[in-house]
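A.B. asks: Once you've had a glance at the structure underneath, I'll fire off some questions.
The values are calculated or read from the model by the stated rules, or taken from the named source; none is laboratory data. What you see is a predicted model; the values in this text were computed from it and never measured. Neighbour counts run over all protein chains shown; Cβ positions are idealised from the backbone, glycine included. Surface accessibility is based on the protein's heavy atoms, side chains included, excluding ligands, DNA and RNA. Shrake-Rupley method; radii C 1.70, N 1.55, O 1.52, S 1.80 Å.
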Amino acid sequence: MSAPALCGKWRPSSQAALELAVTSLVMLMACEATIEGVPEGAVARVGEVVIETAQVEASQAQLDAFGQARFRGPDGQRALIDAIINEELLVQEARDAGLGADPRVEWAVLEELAELQRAAMLERRLPRAEVAADTAALRARYERERERFATPERRSMRVVRVQTWEQGERELARLGAGEVRLDEIGGVVQTPLMKRDDDEFPAYHRVLFDAGLGVGDLVPSPVLSGQVVLIGEVDEIVPAGTLAFEDPEVQEQLVTAEREARLVAIEAELHAELAQRFK
């Protein structure tokens, strides 16, 4: 089927039509805006619903950092429009199935459209990229809120499983006396790095996180991991610290917090304008 044949009005009538509509997005975007059925400036038409560029921008503005990266560039934009078309197809299928008669469904659709419009209007007034580029403001927020980015000390162990607590104490005594190596008692396993949690692991972390222990030191008591008794030595210690300003997770949190703070006044101004226009 050629691209022009896909342009214009179309409406899903079967599963095949759904699949054809979504996979034919590139051809839809290739259609000239002047072709009958697709208004100028629109990217697609699903039944009677026209998908505008503003709707795509609003959808993108709602995405988190992962979503922004996923839908970046021309290919990403096409994939995002794919998702929007598919969403509209599902809405229309639900209406065709009689679900649209339920006022809760109609209200949910209206809420979603309103939120998309709101996000688009706010994005135009305060683009997220503009906030992300304000390094000075982000750095100042980072310094004010450094405790948000603190990382706790983490430790791991090299451990061997034993059958009973009493056996563990006997083997620890032998290890301490130099009579045997840890790998001679059983298969050695390295635990993941863990932050201290005495509530979850009271018979484990209080021993492992003893301030007097260093890397390579024998943990002086058996520890319990669930119902399993372990003995071993400290394998790694990562000191407490603070995530760097340049860390992607830190940047995401800073941009979100800074933008939300700035949006308070902007959204109030928007509400005042809307109240004036729609008395």
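A.B. asks: Scanning the stretch 188-208 for residues that are assigned to a helix (DSSP H, G or I) and touching a residue at least 12 places away in the same chain (Cβ under 8 Å), which turns out farthest from MET157 (Cα to Cα)?
C.D. replies: Of everything passing the filter in the stretch 188-208, VAL207 is farthest from MET157 (Cα to Cα).
A.B. asks: Here is a further query. Among GLU153, GLU147, GLU106, which is farther than 30 Å from ARG196 by Cα and not aliphatic (A, V, I, L, M)?
C.D. replies: None of the other options fit; the residue is GLU106.
A.B. asks: So for the stretch 209-216 (the condition being in a helix (DSSP H, G or I) and open to solvent by 60 Å² or more (accessible area, probe 1.4 Å)), does at least one residue qualify?
C.D. replies: Within the stretch 209-216 (the criterion being in a helix (DSSP H, G or I) and open to solvent by 60 Å² or more (accessible area, probe 1.4 Å)), the answer is no, since none of the residues qualifies.
A.B. asks: Now a separate question. Would you check if there is a residue in the stretch 141-153 being surrounded by 12 or more Cβ atoms within 10 Å (Cβ to Cβ), free of Cβ contacts under 8 Å to residues at least 40 places away in the same chain, out of contact with any helix residue (DSSP H, G or I) (no Cβ under 9 Å at 6 or more places or on another chain) and not in a helix (DSSP H, G or I)?
C.D. replies: No: the stretch 141-153 contains no residue that is surrounded by 12 or more Cβ atoms within 10 Å (Cβ to Cβ), free of Cβ contacts under 8 Å to residues at least 40 places away in the same chain, out of contact with any helix residue (DSSP H, G or I) (no Cβ under 9 Å at 6 or more places or on another chain) and not in a helix (DSSP H, G or I).
A.B. asks: State which residue pairs qualify: first residue under 11 Å from LEU122 (Cβ atoms) and inside the stretch 253-272, second residue among the basic types (Lys, Arg) in any location, beta carbons under 9 Å apart, and separation of 6 or more residues or different chains.
C.D. replies: So the pair list comes out as ARG259/ARG128; LEU263/ARG125; ILE266/ARG125; GLU267/ARG118; GLU267/ARG125; GLU269/ARG125; LEU270/ARG118; LEU270/ARG125.
A.B. asks: Which residues, counting only those in the stretch 217-237, are closer than 15 Å to MET194 by Cβ and either part of a loop (DSSP other than H, G, I, E, B) or touching a helix residue (DSSP H, G or I) at 6+ places or on another chain (Cβ under 6 Å) (or both)?
C.D. replies: VAL219, VAL223, GLY226 - these are the residues of the stretch 217-237 that are closer than 15 Å to MET194 by Cβ and either part of a loop (DSSP other than H, G, I, E, B) or touching a helix residue (DSSP H, G or I) at 6+ places or on another chain (Cβ under 6 Å) (or both).
A.B. asks: Can you find a residue in the stretch 232-249 that is touching a residue at least 12 places away in the same chain (Cβ under 8 Å), among the small types (Gly, Ala, Ser) and over 22 Å from GLY168 (Cα atoms)?
C.D. replies: Checked against the condition, which is being touching a residue at least 12 places away in the same chain (Cβ under 8 Å), among the small types (Gly, Ala, Ser) and over 22 Å from GLY168 (Cα atoms), the stretch 232-249 yields at least one hit.
A.B. asks: From GLU166, GLU115, which residue is closer than 30 Å to GLU260 by Cβ, out of contact with any His (no Cβ under 9 Å at 6 or more places or on another chain) and open to solvent by 30 Å² or more (accessible area, probe 1.4 Å)?
C.D. replies: GLU115
A.B. asks: Still on this structure, I have one more. Could you list, in sequence order, the residues of the stretch 252-263 that are open to solvent by 50 Å² or more (accessible area, probe 1.4 Å) and at pLDDT 95 or above?
C.D. replies: Those that are open to solvent by 50 Å² or more (accessible area, probe 1.4 Å) and at pLDDT 95 or above: ALA261, ARG262.
A.B. asks: Would you be able to tell me the number of residues in the stretch 224-234 that are surrounded by 17 or more Cβ atoms within 10 Å (Cβ to Cβ) and more than 15 Å from GLY186 (Cβ to Cβ)?
C.D. replies: Residues that pass the stated criteria total 1.
A.B. asks: Hey, another quick one. Suppose we filter ARG124, ARG144, ARG104 for residues that are basic (Lys, Arg) and either in contact with a Phe, Trp or Tyr (Cβ under 7 Å, 6 or more places away or on another chain) or modelled with pLDDT of 90 or more (or both); which single one remains?
C.D. replies: Every option except ARG144 fails the conditions.
A.B. asks: Scan the stretch 42-75 for residues that are closer than 16 Å to ALA120 by Cβ, of a type outside the set (Gly, Ala, Ser) and modelled with pLDDT of 70 or more and jot them down.
C.D. replies: Once the filter is applied, which keeps residues that are closer than 16 Å to ALA120 by Cβ, of a type outside the set (Gly, Ala, Ser) and modelled with pLDDT of 70 or more, the stretch 42-75 yields VAL43, VAL50, ILE51, GLU52, THR53, GLN55, VAL56, GLU57, GLN60.
A.B. asks: Taking the conditions exactly as written (open to solvent by less than 60 Å² (accessible area, probe 1.4 Å) and not aliphatic (A, V, I, L, M)), does THR191 satisfy them or not?
C.D. replies: So THR191 fits the description; yes.
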